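The values are calculated or read from the model by the stated rules, or taken from the named source; none is laboratory data. This is a predicted model, so every value here is computed, not measured. Cβ placement follows ideal geometry from the backbone for every residue including glycine, while neighbour counts extend to all protein chains displayed. Accessible surface areas use protein heavy atoms only, side chains included; no ligands, DNA or RNA. Shrake-Rupley method; radii C 1.70, N 1.55, O 1.52, S 1.80 Å.
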Amino acid sequence: MPQRTAHPLAPRPATAPVRPATHDDIPELVRLRALLFENLGGAYFNPPAGGTGWQDALAAVLEEQLAAGALHVLVVDGDQGLAACAVGSVEQRLPGPHLRNGRVGLVIGVVTDPAHRRRGHSRSLMRGLLDWFRERQVARVDLYASPEGEPLYRDLGFVGHPDPALYWRP
């Protein structure tokens, strides 16, 4: 008898609860962020001479920004450590006709440990971040999507950005 597969639109099992990150989560947040850069690869995200000093700097910034409430970090607990996390912030820019109040949300990163993927964690985390952005009345939310993450973000209503993304390093 042939094996039946689930219909692609069939409901998935409920994901683990989403909660705000705490100071105690910082080592795991650093570990997950390192996984993010390993997965993105390339010289831009993972330069050969990059070293690991950035991880100490990240831990210090997370400590400071979490304490100040400048970042919103949501997590899903795994069996040992965190299964996934999402980080968002709000930036105040100058208002304009395309940006009525000048508040722009930024999804800084969403990452799931490979052992916990395909369980709906990223979707649950993103819904939590989007609710947080709505509460802060942002005019727009920006993110940079990996090819693997783009379908999820489009499903949540994200569209291509009209401005070209450029960067400069001093």
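For the structure I just gave you, tell me whether Leu99 is farther than 25 Å from Pro27 by Cβ and touching a Lys or Arg at 6+ places or on another chain (Cβ under 7 Å). Before you say what the answer is, go through the steps one by one.
Details: farther than 25 Å from Pro27 by Cβ: yes; touching a Lys or Arg at 6+ places or on another chain (Cβ under 7 Å): yes.
Here the answer is yes, as Leu99 does meet what is asked.
If you take the residues of the range 141-170 that are touching a helix residue (DSSP H, G or I) at 6+ places or on another chain (Cβ under 7 Å) and part of a strand (DSSP E or B), which of them is surrounded by the most Cβ atoms within 10 Å (Cβ to Cβ)?
Val141
Can you tell me which residue in the range 2-22 is modelled with the highest pLDDT, limited to those that are under 17 Å from Gly78 (Cα atoms) and open to solvent by 90 Å² or more (accessible area, probe 1.4 Å)?
Pro17
So Glu38 ticks every box in (1) more than 21 Å from Asp131 (Cβ to Cβ); (2) modelled with pLDDT of 95 or more but one. Which box is left unticked?
Answer for Glu38: the failing condition is (2).
Among Val110, Val138, which is the only one that is more than 18 Å from Val30 (Cα to Cα) and surrounded by 15 or more Cβ atoms within 10 Å (Cβ to Cβ)? Spell out how you get there, then give the answer.
Values: Val110 fails: more than 18 Å from Val30 (Cα to Cα).
Going through Val110, Val138 in turn, the sole match is Val138.
Assigned to a strand (DSSP E or B), touching a Gly at 6+ places or on another chain (Cβ under 8 Å) and open to solvent by 10 Å² or more (accessible area, probe 1.4 Å): does that describe Leu94? First the steps, then the outcome.
Values: assigned to a strand (DSSP E or B): no; touching a Gly at 6+ places or on another chain (Cβ under 8 Å): yes; open to solvent by 10 Å² or more (accessible area, probe 1.4 Å): yes.
In short, no.
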